[in-house]
Amino acid sequence: MAYFCKIENFKVSKVVKVSDNIVTTEQAGIEYLRNLQNELEATWVQTFKDGTRKNFGGIGYTYSIKDDAFIPPKPYQSWVLVKPDYIWQSPIGDTPETYNNNLTKEDGTAIRDAYRWNEQNQTWDLINE
């Protein structure tokens, strides 16, 4: 199956899958969807699960023509877009890598602690459960 995103004002508004029998090229898929939807001027862009165009496009994602990339919605105002992966990152980096030694998986490995981003304080807060 091939997947296509409908782009309106640089945002993904719809994601559809099309049979590989129909999609022999990206342009063939675009023409098929334009005719099927009776929207001959609609903008469709193929999206891929393998990292082509950086991320698999989803509703609400932005499509950057310049970078030929799908960019996920920004999770927090303070976060910055990291290229070339086109992912959002907190201004202080990834979550701390800490483990609660009292919790283990079936194979005996420790379970990593869970954190939640605190936008007001710009910190990763440990989730106490």
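The table that follows gives values for the structure above.
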{"read-out": "Normalised contact order of the chain, rounded percent, pairs of Cα under 8 Å and 6 or more residues apart", "value": "16"}
{"read-out": "Residue-count net charge about Leu33 - beta-carbon cut-off 9 Å; Lys, Arg +1, Asp, Glu -1", "value": "0"}
{"read-out": "Rough spin-label spacing in nm, given labels placed 7 Å along Cα→Cβ, for Ser64 and Lys17", "value": "2.8"}
{"read-out": "Equivalent ellipsoid, the range 2-89 (semi-axes from 5 times Cα gyration tensor eigenvalues, Å)", "value": "25, 14, 10"}
{"read-out": "From phi via Karplus (6.51, -1.76, 1.60), per-residue ³J(HN,Hα) for the range 34-39 in Hz, x at Gly/Pro", "value": "4, 5, 4, 8, 6, 10"}
{"read-out": "Amide proton proximity set for Ile87, modelled H, under 5 Å, gap of 5+", "value": "Val82"}
{"read-out": "Loop-resident sites, the range 21-112, for trypsin sites (Lys or Arg not before Pro), counting at most 15 other Cβ within 10 Å (DSSP)", "value": "Lys49, Lys66, Lys105"}
{"read-out": "Phi to ³J(HN,Hα) by Karplus 6.51 cos²θ - 1.76 cosθ + 1.60 over the range 17-27, Hz, x for Gly, Pro", "value": "10, 10, 4, 4, 5, 8, 8, 8, 9, 4, 5"}
{"read-out": "For the chain, size of Cβ-based charge dipole, Lys and Arg +1, Asp and Glu -1, in debye", "value": "320"}
{"read-out": "Extension gain, Glu119 back to Asn9 (0.36 nm per residue minus Cα-Cα distance, nm)", "value": "36.8 nm"}
{"read-out": "Positive minus negative residues near Ala2 (Lys, Arg vs Asp, Glu; Cβ under 10 Å)", "value": "-1"}
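Read-outs: derived from the displayed coordinates by stated rules, not from any lab. Not measured: the values here are computed from a predicted model. When we count neighbours, we look across all protein chains shown, and the Cβ atoms used for this are built from the backbone with ideal geometry, even at glycine.
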